[in-house]
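This report refers to the structure that appears directly beneath it.
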Amino acid sequence: MTDAALPTLDEAGVLREAVRSQGPLVQNITNYVAMTLSANVLLAAGASPAMVHAEEEVTDFVAIASALVVNIGTLSPSWVSAMVMAAEAAGKAGKPWVLDPVGCGATPYRTETARRLAALKPTIIRGNASEIIALAGASGAAPKGVDSATSADAAVGPARLLSRETGAVVAITGEVDFVVDATRIAAIEGGDELMPVSTGVGCALSGLTAAYAAISPDPFAAAVAALAVYAAAGSIAARGAGGPGDIPARLCNALYRLDAEGLRSNATIRLA
Amino acid sequence: MTDAALPTLDEAGVLREAVRSQGPLVQNITNYVAMTLSANVLLAAGASPAMVHAEEEVTDFVAIASALVVNIGTLSPSWVSAMVMAAEAAGKAGKPWVLDPVGCGATPYRTETARRLAALKPTIIRGNASEIIALAGASGAAPKGVDSATSADAAVGPARLLSRETGAVVAITGEVDFVVDATRIAAIEGGDELMPVSTGVGCALSGLTAAYAAISPDPFAAAVAALAVYAAAGSIAARGAGGPGDIPARLCNALYRLDAEGLRSNATIRLA
Amino acid sequence: MTDAALPTLDEAGVLREAVRSQGPLVQNITNYVAMTLSANVLLAAGASPAMVHAEEEVTDFVAIASALVVNIGTLSPSWVSAMVMAAEAAGKAGKPWVLDPVGCGATPYRTETARRLAALKPTIIRGNASEIIALAGASGAAPKGVDSATSADAAVGPARLLSRETGAVVAITGEVDFVVDATRIAAIEGGDELMPVSTGVGCALSGLTAAYAAISPDPFAAAVAALAVYAAAGSIAARGAGGPGDIPARLCNALYRLDAEGLRSNATIRLA
């Protein structure tokens, strides 16, 4: 495969503009810790977020949403049930949905819930290396709670298995990010080591990925574009930050202002 | 009616000082996304926020609170039940309470819950145009999830109907804000287009409105003052902001520091 | 007792480095308002936070965590049940856990829940003066919702009673902080009056205290060190802040960057 098979940064920029002009409505079933940042990242990127997770309304909301993200960061039984309902509704309606298997591998409850949701054929799965390895059922480093205990490249093989099994595009984020489907592997570089020192930054990326999936008919291109845009914005955000505390606000500012030149100078997409 | 029938910015400033000196205890039953900002806005304005929403304690807390805000942004059955209990307790105790019908019109569950609460006679209802139109049962633009799909002035007529039906003062926020009761309409200007690009900013205003309602015997004057103070602080916050990410922190700073001159220079109140 | 019986700032600095190098996994069962800041404070300090509160997984997670914090800021019955399960599991496993009795004294539900948890022998209890007085069952100023209505020194006597009854080290935070056990009382100074104008700052300190308790075999030294580090970081954070809105980000930056000199210049530990 040649680089030509991968979306370019300019194509990512076109999707970024489409998100801004179309403002897709993204339904978030996500954890308490990352909800606010997830909403702010989506707003800054030009999408319209809504946090809707009650069994009483998830299905009604999927009907009006353009995409859905299901993040298992903070679980409870009624939420799991609503997650399943929403994922099934999205599947039936042919709407793209993203699974973020936070902490998969840390407890049986998380692993089980993540696998149950993965079986519902998410369009895209995004997680850190430990989560993807655990979800794929591969042997590998157990996570440290919700943080990864291994680097992203160790998860590329398990991600391919997972993609073949579920049909999903699998995005692994870390120092270098990877997007994997049955035949392609893209590596995205950018970002900054301060990003994982700020909570919910990965979770918010899952929401952003859903916004891109709402716009693009190609989930692989959507995931690559979302990760490249985020890597560029993260890199811009970290420059001049006084520490990790400044990341959330500066990341939203950077997403809001990101232009083609900023994207080209702060991220790369290459074959892996 | 003449402008003389409206509270002035100087009168709003007097209420602002009264909130600071009396520090009213405001009970918040609000959504997960906006809880932190709501608490920070109340603290910055000089009030004392508490997030108390369990059926086991809402009624006990209403007894010690000076005002209550009920925001339906993230619903579940036990929360709805606690909202009803708290609203009824506030009504019985003659304590002011504010209803924020987030996403009313987006799903039947939201619309039903909002109507059920509106029937309990809130002191003030604050929402965006789509929410107020949906709550009034008027025909109008359906919301885009939790975001408004129409401008605030389109909701003035429905707000008047809603005010007559419920007895509540109705505040509609948008590019221009309106406060409506059975006989008066005030328009408040200020703020900035960055404000709706930051999540929870409207929800936090509902909390602030409850703090003002705790201090003023006149809910119309309280709502106008809260909206004017917020418009001025929002305008100050946006000036020099690097993007939407800076709004929450800068808004709290501006509320904390706002003085009479800042209020006069950054907001207007007029007849509409 | 002489000052020699107290941990020094240099010893606090050694623990701070140990938290950074060992990165303890801290399980948080905490309130919705403070979750994000709690996670960010732990990350900035070098620990690895996880928010895990479902009855279905709390016990499994305690088994892999290095320490636990139980904060009752936003209660509901299933959370209370999970809190009890987690505290019992931590006790059995001999893992340190911190109780933060938010709003104890404000409603019977809170007071009861806090007492039920205190009976499970937390390693450290951290609260404001009103909460500690209410938890000790002493007569004293009732809280104003979740804010203290009295100064920290008024709670030193009740804290000693509480320490004797539960075996816990008791930390009272306010303008001056106190750490109390059966025989010692340390006073920690630093911080800034802007800190309580930002929500969740006290709750996040409870999480940080758990991280220090995970590292040190002496809970008294752990509590003193955590409070001194936080006081220094808070003092640095407030310097140059534009208002309370800047505190969360600047506090995380200061924790991330704090060195021995910054600790020595911005906090004091003395006998009380």
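The values are calculated or read from the model by the stated rules, or taken from the named source; none is laboratory data. None of the values given here were measured: they were computed from a predicted structure. No Cβ is skipped: glycine too gets one built from the backbone with ideal geometry, and neighbour counts run over all protein chains shown. The protein model used for the area step is the full one, side chains on, heavy atoms only, and it has no ligands, DNA or RNA in it. Shrake-Rupley method; radii C 1.70, N 1.55, O 1.52, S 1.80 Å.
Got at least one residue in the range B:57-77 being open to solvent by less than 50 Å² (accessible area, probe 1.4 Å), assigned to a loop (DSSP other than H, G, I, E, B), of a type in the set (Ser, Thr, Tyr) and free of Cβ contacts under 8 Å to residues at least 24 places away in the same chain? Yes, the range B:57-77 contains at least one residue that is open to solvent by less than 50 Å² (accessible area, probe 1.4 Å), assigned to a loop (DSSP other than H, G, I, E, B), of a type in the set (Ser, Thr, Tyr) and free of Cβ contacts under 8 Å to residues at least 24 places away in the same chain.
With respect to C:Asp181, determine if the residue is farther than 17 Å from C:Leu9 by Cβ, in contact with a helix residue (DSSP H, G or I) (Cβ under 6 Å, 6 or more places away or on another chain) and crowded, with 19+ Cβ neighbours inside 10 Å. Before you say what the answer is, go through the steps one by one.
Details: farther than 17 Å from C:Leu9 by Cβ: yes; in contact with a helix residue (DSSP H, G or I) (Cβ under 6 Å, 6 or more places away or on another chain): yes; crowded, with 19+ Cβ neighbours inside 10 Å: yes.
So C:Asp181 fits the description; yes.
The single condition among (1) touching a Pro at 6+ places or on another chain (Cβ under 7 Å); (2) in contact (Cβ under 8 Å) with a residue 40 or more places away in the chain; (3) within 12 Å of chain B (Cβ to nearest Cβ) that A:Leu99 does not meet is (3).
Please work out if C:Ala44 is open to solvent by less than 20 Å² (accessible area, probe 1.4 Å), at negative phi, in contact with a Pro (Cβ under 8 Å, 6 or more places away or on another chain) and touching a residue at least 24 places away in the same chain (Cβ under 8 Å). Lay out the reasoning, then the answer.
Working: open to solvent by less than 20 Å² (accessible area, probe 1.4 Å): yes; at negative phi: yes; in contact with a Pro (Cβ under 8 Å, 6 or more places away or on another chain): yes; touching a residue at least 24 places away in the same chain (Cβ under 8 Å): yes.
So C:Ala44 passes the test.
Screening C:Ala50 against (1) open to solvent by less than 10 Å² (accessible area, probe 1.4 Å); (2) assigned to a helix (DSSP H, G or I) leaves a single unmet condition, (2).
Name the one entry in A:Asn266, A:Asn253 that is buried (at least 24 other Cβ atoms within 10 Å of the Cβ) and more than 15 Å from the chain's Cα centre (by Cα). Outline the logic, then answer.
Working: A:Asn253 fails: buried (at least 24 other Cβ atoms within 10 Å of the Cβ).
None of the other options fit; the residue is A:Asn266.
Criterion first (at the interface with another protein chain (Cβ under 7 Å from one of its Cβ atoms), more than 24 Å from A:Ser163 (Cα to Cα) and of a type in the set (A, V, I, L, M)) does A:Ala63 satisfy it? First the steps, then the outcome.
On the way: at the interface with another protein chain (Cβ under 7 Å from one of its Cβ atoms): no; more than 24 Å from A:Ser163 (Cα to Cα): yes; of a type in the set (A, V, I, L, M): yes.
So A:Ala63 does not fit the description; no.
Restricting attention to the range C:102-155 and to residues that are within 14 Å of another protein chain (Cβ to nearest Cβ) and basic (Lys, Arg), the residue that is nearest to C:Ile188 (Cα to Cα) turns out to be C:Lys144. If we scan the range C:253-272, do we find a residue that is within 12 Å of another protein chain (Cβ to nearest Cβ) and charged (D, E, K, R)? Yes, the range C:253-272 contains at least one residue that is within 12 Å of another protein chain (Cβ to nearest Cβ) and charged (D, E, K, R).
Taking the conditions exactly as written (over 18 Å from the mean Cα position of the chain (by Cα) and closer than 21 Å to B:Pro49 by Cα), does C:Ala142 satisfy them or not? When the stated conditions are applied, C:Ala142 passes them.
Being of a type in the set (Phe, Trp, Tyr), within 14 Å of chain C (Cβ to nearest Cβ) and within 30 Å of A:Pro77 (Cα to Cα): is that true of B:Tyr32 here?
On the way: of a type in the set (Phe, Trp, Tyr): yes; within 14 Å of chain C (Cβ to nearest Cβ): yes; within 30 Å of A:Pro77 (Cα to Cα): yes.
Criteria met by B:Tyr32.
Within the range B:236-245, the set of residues being touching a residue at least 40 places away in the same chain (Cβ under 8 Å) and part of a helix (DSSP H, G or I) comprises B:Ala237, B:Ala238, B:Pro244, B:Gly245. Where helices (runs of 4 or more DSSP H) fall entirely within the range B:81-173, those with at least 3 residues that are open to solvent by 30 Å² or more (accessible area, probe 1.4 Å) are at B:108-118, B:156-166. Taking the condition within 14 Å of another protein chain (Cβ to nearest Cβ) and open to solvent by 10 Å² or more (accessible area, probe 1.4 Å), does B:Gly245 pass? Judged against the criteria, B:Gly245 is a match. Select from the range A:190-208 the residues that are part of a helix (DSSP H, G or I) and touching a residue at least 60 places away in the same chain (Cβ under 8 Å) and write down the one among them that is farthest from the chain's Cα centre (by Cα). Looking at residues that are part of a helix (DSSP H, G or I) and touching a residue at least 60 places away in the same chain (Cβ under 8 Å), I get A:Val201.
Residues that are open to solvent by less than 20 Å² (accessible area, probe 1.4 Å), modelled with pLDDT of 95 or more and under 16 Å from the mean Cα position of the chain (by Cα) occur in the range A:1-14; there is at least one.
Only one of these is crowded, with 24+ Cβ neighbours inside 10 Å, away from chain B (no Cβ under 14 Å), within 17 Å of the chain's Cα centre (by Cα) and among the hydrophobic types (A, V, I, L, M, F, W, C): A:Ala187, A:Ala211, A:Ala222, A:Ala233. Name it. The unique qualifying residue is A:Ala222.
Residues A:Leu37, A:Leu43: which one is facing another protein chain (nearest Cβ under 9 Å), in a helix (DSSP H, G or I), under 30 Å from A:Glu261 (Cα atoms) and more than 15 Å from the chain's Cα centre (by Cα)?
On the way: A:Leu37 fails: more than 15 Å from the chain's Cα centre (by Cα).
Testing whether each residue is facing another protein chain (nearest Cβ under 9 Å), in a helix (DSSP H, G or I), under 30 Å from A:Glu261 (Cα atoms) and more than 15 Å from the chain's Cα centre (by Cα) leaves just A:Leu43.
Annotation note: Cβ proximity below 8 Å between a residue of the range A:215-233 that is of a type outside the set (A, V, I, L, M) and a residue that is part of a helix (DSSP H, G or I) and surrounded by 24 or more Cβ atoms within 10 Å (Cβ to Cβ) (sequence gap 6+ or interchain) occurs for A:Ser216/A:Ala222; A:Ser216/A:Ala225; A:Pro219/A:Ala213; A:Tyr230/A:Leu205; A:Tyr230/A:Leu208; A:Tyr230/A:Leu255.
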